[in-house]
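The values are calculated or read from the model by the stated rules, or taken from the named source; none is laboratory data. Keep in mind that what you see is a predicted model, and the values were worked out from it rather than measured. Cβ sites come from the backbone with ideal geometry, for glycine too, and all protein chains shown count toward neighbours.
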Amino acid sequence: MFIRARKGVCMFFMFFLFAVGIFLELVFLLPVIRVLEKFNGYKPSRMQNVHRFFFVIWLGLMRAGRMLKGKPSKGKCFDGPCIIIANHPGLFDVLFLIRDIPKLTVLVKRSLVQWLPLGPIFKSSGYILSPGKRDFNPMESLLNAIEKLNLGYKFLLFPEGTRSPPGSLRKFKAGAFKIAQKQGVPVQPVLIRNTPPFLPKGEPWYFPAKEISEIEIEFLDPIDIPKDKNVRDVVKEVENIYHSRLRQWN
């Protein structure tokens, strides 16, 4: 109990540092990037590289605090525009993907823009807002994703739509696969093992697990989806691959 309480205090401090990083990006780095955009054009990779730099430091501190550490990745990410899908066992696995994959745009919750001053950062990063409630057009998100793929970026989606249940998966949605088929780019499956899951859905952020949580990322073989292929069949096949690999790990 004492160890978990101590880690809760450390987690509060880490969230504070995360907020400091956002402040530095908004006040000092975003204006510089906007000047560069004015003279050299819009390149989301500039702000993305800033995120990657900060995440290297932040995740390094998480490791030093014996809360969360990453193991060496397995496999290699597809070299070129693609749709990256991944299971989502813990709150921060997405930070490892952003840190390790250059030119990666992600789908972020629209509520983060509504409640936090993150809109300018997301826009400069080329991140795409989720459709949100009924008054937002889902086609807007789709068109933004297609635009980023055409610019040579990778697009990350969690096909479960939320964090995975411990040791298992939720049913995959077909959206990521449909975009890949439409644009003629491969799906890059990423398998994430997080033991024990760090802040899974429903777990309070202020009470992390007693053990240090380990994350291991494995890039599986990219999957091409022919135009005449039934997307639902592909979704089911990929789900089965994930279930099989997770059973091997468990």
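Per-residue answers, yes or no, for (1) more than 18 Å from the chain's Cα centre (by Cα); (2) among the small types (Gly, Ala, Ser); (3) more than 26 Å from Leu191 (Cβ to Cβ); (4) modelled with pLDDT of 95 or more:
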residue	(1), (2), (3), (4)
Val35	yes, no, yes, yes
His51	no, no, no, yes
Lys71	no, no, no, yes
Lys76	no, no, no, yes
Gly80	no, yes, no, yes
Ile83	no, no, no, yes
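Limited to segment 129-156, what total is found for residues that are under 24 Å from Ile192 (Cα atoms) and at pLDDT below 95?
Result for segment 129-156: 3.
List the number of the failed condition for Pro81; all other conditions in (1) in contact (Cβ under 8 Å) with a residue 60 or more places away in the chain; (2) farther than 16 Å from Gly152 by Cβ hold.
Going through (1) in contact (Cβ under 8 Å) with a residue 60 or more places away in the chain; (2) farther than 16 Å from Gly152 by Cβ one by one, Pro81 breaks only (2).
Of all residues in segment 222-250, count the ones that are part of a loop (DSSP other than H, G, I, E, B) and under 19 Å from Asn194 (Cα atoms).
Total satisfying the criteria: 1.
Run down Ser141, Ser164 and say which single residue is touching a residue at least 24 places away in the same chain (Cβ under 8 Å), among the polar types (S, T, N, Q) and more than 26 Å from Ile22 (Cα to Cα).
Ser164
Could you tell me whether segment 73-82 includes any residue that is of a type in the set (A, V, I, L, M, F, W, C) and closer than 21 Å to Gly161 by Cα?
Yes, segment 73-82 contains a residue that is of a type in the set (A, V, I, L, M, F, W, C) and closer than 21 Å to Gly161 by Cα.
If the requirement is being under 30 Å from Ala5 (Cβ atoms), aliphatic (A, V, I, L, M) and touching a residue at least 24 places away in the same chain (Cβ under 8 Å), which of these qualifies: Leu61, Leu107?
Selected residue: Leu61, the only one of Leu61, Leu107 that is under 30 Å from Ala5 (Cβ atoms), aliphatic (A, V, I, L, M) and touching a residue at least 24 places away in the same chain (Cβ under 8 Å).
Tell me which residues, restricted to segment 157-185, are in a loop (DSSP other than H, G, I, E, B), modelled with pLDDT of 95 or more and either of a type in the set (S, T, N, Q) or in contact with a Ser or Thr (Cβ under 6 Å, 6 or more places away or on another chain) (or both).
If the condition is that a residue be in a loop (DSSP other than H, G, I, E, B), modelled with pLDDT of 95 or more and either of a type in the set (S, T, N, Q) or in contact with a Ser or Thr (Cβ under 6 Å, 6 or more places away or on another chain) (or both), then Ser164 is the only one that fits.
Inside segment 199-232, can you point out the residues that are touching a Ser or Thr at 6+ places or on another chain (Cβ under 9 Å) and on the phi > 0 side of the Ramachandran plot?
Leu199
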